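Shown next, in structure tokens, is the structure this report addresses.
The values are calculated or read from the model by the stated rules, or taken from the named source; none is laboratory data. Keep in mind that this is a model prediction, so the values were computed, not measured. Cβ placement follows ideal geometry from the backbone for every residue including glycine, while neighbour counts extend to all protein chains displayed. Heads up: the accessible areas ignore ligands, DNA and RNA and are worked out on the full protein's heavy atoms, side chains in. Shrake-Rupley method; radii C 1.70, N 1.55, O 1.52, S 1.80 Å.
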Amino acid sequence: MNNAARTLPRLGKIGYGGDYNPEQWPEQVWHEDVRLMREAGVNLASVGIFAWAMLEPAPGEYDFGWLDRVLGLLHEGGIAVDLATPTAAPPAWFFRRHPEARPVTHEGHVLGGGARHAFCPSSPAYREAAAGIAAQLARRYADHPAVALWHVHNEYGWSNHACYCDASADAFRRWLRQRYGTLSALNNAWGTTFWGQRYGDWAEIDPPRLAPPGVNPALQLDYLRFSSDEYLDCFRIERDVLHRLAPGVPVTTNFMVPNCKWMDYWKWAAEVDVVSNDHYLQAERLDNHIELAMAADLTRSVARGRPWLLMEHSTGAVNWQPRNIAKVPGEMRRNSFAHIARGADSALFFQWRASRFGAEKFHSAMVPHGGTSTRIWRDVVRLGAELSNLDELVGTRVASDIGIVWDWESWWALELEWRPSFDLRYLDRMSAYYERAWRANRTVDFVHPEGDLSGYQMMLIPSLYLMSSSAAENLAAYVRSGGTLVVSYFSGIVDEIETVHPGGHPGALRDLLGLSVEEFLPLRAGDRVRLERNLTADVWAERLVLAGAEPVLRYLDGPAAGEPAVTRHRVGQGTAWYVSTRLNGRDLDVVLQEAGLTARDGLPDGVELVRRVGDSASYLIAINHTDGDVEVAASGKELLTGAPCHGVLPLPAGDVRVLRAAS
Ligand code: GAL
């Protein structure tokens, strides 16, 4: 049995469908929904995500009749159900009973109702109520033949990543006791001799609420860790109820990789039975298909390479960006295939039918307001038909060859206040390095700093400000045994408690890179520096002192004029490169290519090729984001057209091909 068959035993095909909110529609529409779902090839619907108030209209009074009928109709129609626990939107009665469960902002405001996600994750009342409704659903639907998956909650931490109420403060103190054991260990870790912040009692420790500038960064960082852990506890509580009462049905919760900065998805992914992710394009960006690819690669990576589910994306425009640019014809299809190429075993959408009321009525859907006479509907039907030919991809693994180190904790720490430059931004460097790999058609895995690096010929570290000593040793072992490592500036500076590594920057990497950074030289907004080989950079420069590394490129002007900007250090069988300034685009390529990141396949920029490999076959997914036709060198059977292919795979402008490669 392949992996996906294990993760979704009751589906076993590429999942197609989306969030289905029948509670917003009269019952006669449900019949039309099922008929249209069948027409579109929908096989999986996520049901009940925000339906708590309809399922439990008053405390302890349940109404499951409507949900019974919905699940029955879907099952008769051959559509599997991803059944949600509705805990992202507690009913109004809950907050009337438990006003203390409302979240409090960093500024001390209590958040009101009328929206969703307005609860404190540490609230005992919330946790109990969430476990209660999850248990009701689990008991009732454990053996329902339609239920293929449990969808716990919805996007933990998205609208509201941390709560600062008194219950949260208590929970934080408990979390700290567990982490540090004693107050003196905490005082040492947090460096509380600075500004006389020493704590003599656990009760003196507060969340990092609105305060004068310069709140202890170690306290802030721990609060972010704590907040991610509190939401994760909420998930675990529900998951354990479902595992106990409905064993055998896998449990997921939808992540938002990488758009939700605040959850440490390395930790989260270890707790779900199957990883699922929601992804929305940054609609105004012309290269948003590259950001999509990065999100998909990161999702697969947190899933440790196992197949994952694309839980939500959109057929067209969303409703919550400043300008909600519509997808052009063909774009939705390319987006869906790009996720599948990078390991998704589903293409699901928010949402099935466009809402007539509520905050999301201007969001696209599979069935738009205009119904079935629309282009979007025709495209939805076409995509469903195409995906139904691809069941053999289920459970296959993505072949990758480049590793990029990713760490949420380092991201959080980097972007606290009072850094050497406001322009030090985690996603800026991640996207810049990822983009070069994407354009070279090299498939990227993201790796935890302490993860297994042995399979990668090349590792990139675009930004890793916070680095533990064991991560540093992991990287050093990787280089010694023959790996190529490229490290960008302001990495390896502090350890996991926000304390500068001793002995000069970058303390965790000095020996490996064969240099030290004597001084950071941030640049003024808009200033640029020139480097040899006609390169230009901005934002950042450094004064390097080499101790074994050789200079590869020098600064020609700016605050480090004449001094090394890019260096190389041979260590054991491998090489560690250092890039001390902010290079982008083709300028960054010059360095990365010299380090070994060469383009594959010789295709024009904008043609995306990814391989998925199974036990008995491998597949090439080719996506043409350009407006010109291209040809890809490949042989096998093309699964969307059924055409055999001998040596040349034609890939028309804007089109997609899926080739089962000749062995
Ligand atoms: C997601 C959310 C959905 C819907 C969607 C709109 O983040 O899970 O419920 O709000 O955004 O794009």
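Here are some notes:
- Debye log10 I(q)/I(0) at q = 0.09, 0.10, 0.15, 0.18 Å⁻¹ for the range 402-595, Cα point scatterers: -0.28, -0.35, -0.84, -1.29
- In sequence order, calculated HN-Hα J values of the range 357-368 (Karplus, 6.51, -1.76, 1.60; Hz; x Gly/Pro): 9, x, 6, 10, 6, 9, 8, 5, 8, 6, 10, x
- For the chain, accessible area per residue (1.4 Å probe, heavy atoms of protein chains only), Å²: 38 Å²
- When only the Cβ of Lys, Arg, Asp and Glu is charged (+1, +1, -1, -1), the dipole of the range 402-595 relative to its Cα centre reaches about 720 debye.
- For the chain, the relative contact order is 11 percent, taking Cα pairs closer than 8 Å that sit 6 or more residues apart in sequence and dividing their mean separation by the residue count.
- Close amide H pairs (under 5 Å, H built 1.01 Å from N) link Leu149 with Val81, Leu83, residues at least 5 positions away or on another chain.
- Expressed as a fraction of 2.2 N^0.38 Å, the C-alpha radius of gyration for the chain is 0.99.
- Dipole of the chain [Lys/Arg +1, Asp/Glu -1 at C-beta], most positive-end residue of Ser468, Gly483, His117: Gly483
- Kyte-Doolittle mean at least -0.5 and Cα axial length at least 24 Å: DSSP H helices in the chain: 124-141, 217-245
- 5 angstrom amide H check on Ala634, placed H, neighbours 5+ away: Gly647, Val648, Leu649
- Computed extension length for Arg533-Glu100: 149.7 nm, one decimal, from 0.36 nm per residue of separation with the Cα-Cα distance subtracted.
- Stretch gain in nm, segment His109-Val29, where the contour uses 0.36 nm per residue and the Cα spacing is subtracted: 24.7 nm
- Total charge dipole magnitude, the chain, about the Cα centre, Cβ charges on Lys, Arg, Asp, Glu only, Debye to nearest 20: 680 debye
- Additional length obtainable on full extension of the chain from Glu271 to Val328, 0.36 nm per residue less Cα span: 16.8 nm
- Relative contact order %, the range 16-152, counting alpha carbon pairs below 8 Å whose residues are six or more apart: 26 percent
- Counting all C-alpha pairs of the range 607-662, share separated by more than 19 Å (%): 19 percent
- 222 nm mean residue ellipticity, helices alone, for the chain (DSSP H n ≥ 4; -39,500 (n - 2.57); rounded to 500): -9500 deg cm²/dmol
- Cross-link partners of Lys637 among lysines (Cα-Cα below 25 Å; sequence separation of 8 or more within a chain): Lys13
- Between Arg285 and Asp391, the FRET efficiency estimated from the beta carbon spacing at R0 = 25 angstrom works out to 0.15.
- Residues of type lysines that Lys361 reaches as a straight line, Cα spacing below 25 Å, ignoring anything fewer than 8 places off in the same chain: Lys327
- Farthest towards the positive end of the charge dipole of the range 382-447, among the residues Ser421, Tyr433, Leu390, is the Cα of Tyr433, using unit charges on the Cβ of Lys, Arg, Asp and Glu.
- For the chain, excluding the exposed loop sites themselves (GluC sites (Glu not before Pro), DSSP loop, at most 16 other Cβ atoms within 10 Å), the longest remaining stretch covers 418-663.
- Counting only residues at least eight positions apart within a chain, or on another chain, there are no lysines with an alpha carbon under 27 Å from that of Lys267.
- If you take all other residues with their beta carbon under 15 Å from the beta carbon of Ala40, and give Lys and Arg +1 and Asp and Glu -1, the sum is +2.
- From the alpha carbon centroid of the range 197-274 to that of the range 383-419 is 21 Å.
- Cleavage-rule hits (trypsin sites (Lys or Arg not before Pro)) in the range 459-557: DSSP loop, at most 15 neighbouring Cβ within 10 angstrom: Arg524
- Summarising the amide proton neighbourhood of Val487: residues at separation of 5 or more, or on other chains, whose placed amide H is nearer than 5 Å comprise Ile461, Trp577, Tyr578, Val579.
- The range 192-250: trypsin sites (Lys or Arg not before Pro) in DSSP loop, at most 16 other beta carbons within 10 Å: Arg198, Arg209
- Cα-based equivalent ellipsoid, the range 242-396: semi-axes from gyration tensor eigenvalues, Å: 26, 18, 17
- Accessible area of the chain belonging to carbon and sulfur atoms, whole % at 1.4 Å probe: 50 percent
- Thr641-Arg139 FRET efficiency (beta carbon distance; Förster radius 30 Å; 0.05 resolution): 0.05
- Taking 4.7 Å between C-beta atoms as the pairing limit, the chain has these partnerless cysteines: Cys165, Cys234, Cys260, Cys645.
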